1. When you scan region 89-98, do you find a residue that is touching a Phe, Trp or Tyr at 6+ places or on another chain (Cβ under 9 Å), free of Cβ contacts under 8 Å to residues at least 60 places away in the same chain and either more than 22 Å from residue 310 (Cβ to Cβ) or part of a loop (DSSP other than H, G, I, E, B) (or both), even just one?
2. Which condition does residue 129 not pass, out of (1) within 22 Å of residue 280 (Cα to Cα); (2) outside any helix (DSSP H, G or I); (3) more than 20 Å from the chain's Cα centre (by Cα), if it passes all the others?
3. Of these, 239, 289, 203, which one is at pLDDT below 95 and assigned to a strand (DSSP E or B)?
4. From the set of residues in region 161-197 that are within 17 Å of residue 88 (Cβ to Cβ) and of a type in the set (A, V, I, L, M), which is surrounded by the most Cβ atoms within 10 Å (Cβ to Cβ)?
5. Out of the residues in region 56-83 that are of a type in the set (Val, Ile, Thr) and in contact with a helix residue (DSSP H, G or I) (Cβ under 8 Å, 6 or more places away or on another chain), which is modelled with the lowest pLDDT?
6. Take residue 23 and tell me if it is more than 21 Å from residue 304 (Cα to Cα) and either modelled with pLDDT under 95 or aliphatic (A, V, I, L, M) (or both).
7. List the number of the failed condition for residue 105; all other conditions in (1) modelled with pLDDT under 95; (2) part of a helix (DSSP H, G or I); (3) not small (Gly, Ala, Ser) hold.
8. Just to be sure I understand the filter: pairs with C-beta atoms under 7 Å, separated by 6 or more residues or on different chains, first member in region 207-231 and under 24 Å from residue 304 (Cβ atoms), second member aromatic (Phe, Trp, Tyr) and modelled with pLDDT of 90 or more. Which pairs pass?
Amino acid sequence: MIERFFTLYKIPAAVLFCAVLLLGGCGGTVTAEETKLVMGTVARLVVRADEITSQAALRDGMAVLAQTERDADGEALAAVEAAAGTGEWREISPALYDTLNLAQEIAHRSDGAFDVTAGTLTQLWERARTEKMPPPAEAVMEARVHVGYEALELRTMEETGQTKYEARLMKAGMKFDRGALIKGLALDGIRNSWQSADVTDALADLGTSSILGMGVNEEGAPWQIGIRNPRGVERSDLLSVVPLSNEVLSSSGDDERFFMYEGRRWHHLIDPRTGYPAQTGLASVTVVLPMDVEEGAWQGHMGALSDMLSTAIFVLGAEEGKKLLADFPDARLILIDTDGKRIGE
């Protein structure tokens, strides 16, 4: 039987694996599963359908992950970065345009607590994590000079009957925070692919921090997602279990990518406004949103939206962060403090 909880264990980055599991069911329905190391995380896809449909859906889902990784790490964003400060526009894909447009909306609503242009800061702190020592204050200040969502501009143009999507960065030296984009972009791509194939029951689990749950599991119940205690001794130490059905879930926490220095936890969730890891009393934020909305800028982008919101809420803190969900009455929010306790309980 497929595990009900999707808490995954760390796997060395040098290990690349791909496992496919096929379990039979009644009425011609099978549960097909594939696990692979991609986008720097362990991706787990599960599809419940007839055998042909389920296998095709797994292939399509993995293809979406590979394409998303190429988009985030590839030439389009690099070209925009290379032209930063020149005023020149560079072409990007429609999906990337939509995701960047959404990122700008969340940046505006959060007053910069989420900022997709914070790449110089995230790169600086990634090096610090490797060295296990905070960067000098001067380096943080220098990196902050190259951050500012207001300096990211997007536009569309009609050219020979086709729409062209473009972006530019108005300050030299600016970099995108690719990690802020990639998982949400992938979830939305998988959702679109599976819905086009009439898949109704499926799960896409990207490293347990970004998850899409469609329909029901093999037991006919919502997919059961374990929320880990960020201060637990074991990775299997769960604080709660969240049912997921036609919903997306994103978690941001200080327990995955961090180092300890002089008794303090220095994590990867950087406040772009200060240049330092956010210190708001939160250790973990989980946002659950409906997979679909009928209209509005969010339509078709709920995976990216949930990912951005969980990050923004972590940086803002509990009280200010909750205000970001005012437009989403069906949203669920799980906040865990730095003592490993759920806030509000």
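The values are calculated or read from the model by the stated rules, or taken from the named source; none is laboratory data. The shown structure was predicted, so the numbers you read here are calculated from the model rather than taken from an experiment. Heads up, the Cβs are rebuilt from the backbone with ideal geometry, glycines too, and the neighbour counts pull from every protein chain shown.
1. Looking for residues that are touching a Phe, Trp or Tyr at 6+ places or on another chain (Cβ under 9 Å), free of Cβ contacts under 8 Å to residues at least 60 places away in the same chain and either more than 22 Å from residue 310 (Cβ to Cβ) or part of a loop (DSSP other than H, G, I, E, B) (or both), one finds none in region 89-98, hence no.
2. (2)
3. Details: 289 fails: at pLDDT below 95; 203 fails: at pLDDT below 95.
Result: 239 is the single residue among 239, 289, 203 that is at pLDDT below 95 and assigned to a strand (DSSP E or B).
4. Step one: filter region 161-197 for residues within 17 Å of residue 88 (Cβ to Cβ), giving 164-176.
Now drop any that are not of a type in the set (A, V, I, L, M), which leaves 167, 169-170, 172, 174.
Values: 167: 22, 169: 26, 170: 14, 172: 12, 174: 22.
It comes out as 169.
5. Pass one, region 56-83, residues of a type in the set (Val, Ile, Thr): 64, 68, 80.
From the residues that got through so far, the ones that are in contact with a helix residue (DSSP H, G or I) (Cβ under 8 Å, 6 or more places away or on another chain) too are 64, 68.
Values: 64: 95, 68: 88.
Among those residues, the one meeting the criterion is 68.
6. Working: more than 21 Å from residue 304 (Cα to Cα): yes; either modelled with pLDDT under 95 or aliphatic (A, V, I, L, M) (or both): yes.
Considered against the rule, which asks whether it is more than 21 Å from residue 304 (Cα to Cα) and either modelled with pLDDT under 95 or aliphatic (A, V, I, L, M) (or both), residue 23 comes out as yes.
7. (1)
8. Qualifying pairs under 7 Å: 213/223; 214/194.
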